[in-house]
Amino acid sequence: MAHHFEIYKDKAGEFRVRFKYNSEIMFSTQGYSSKSSAQNAIDSIKSNGLGAEVVDNS
């Protein structure tokens, strides 16, 4: 599996999402109190991320 979303529980007991590509963590989200909220974050990224613009603040 070259890339995937991963839901995990952090040390504080919150659910987080990270996106991995070739075992490298590309990004992770804030903590969520429920697993369903973490899944909603994944769904939002999938549906809204493809059309997102790139903002270069360099």
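FYI, it's all coordinate maths here, none of it is from the lab. Only a predicted model underlies this, so the values are computations on that prediction, with no experimental measurement involved. In this analysis, Cβ positions are derived from the backbone assuming ideal geometry, glycine residues included, and neighbour counts consider all displayed protein chains.
List of remarks:
- Criterion violated by Ser28 - all others in (1) farther than 24 Å from Met1 by Cβ; (2) touching a Lys or Arg at 6+ places or on another chain (Cβ under 9 Å) satisfied: (1)
- Residue match in segment 39-54 (condition: in a strand (DSSP E or B) and not β-branched (Val, Ile, Thr)): no
- Residue count for segment 18-29, restricted to those that are loosely packed, with under 10 Cβ neighbours inside 10 Å and either part of a loop (DSSP other than H, G, I, E, B) or in contact (Cβ under 8 Å) with a residue 24 or more places away in the chain (or both): 2
- Selection within segment 30-58 - surrounded by fewer than 14 Cβ atoms within 10 Å (Cβ to Cβ) and of a type in the set (Val, Ile, Thr): Val54, Val55
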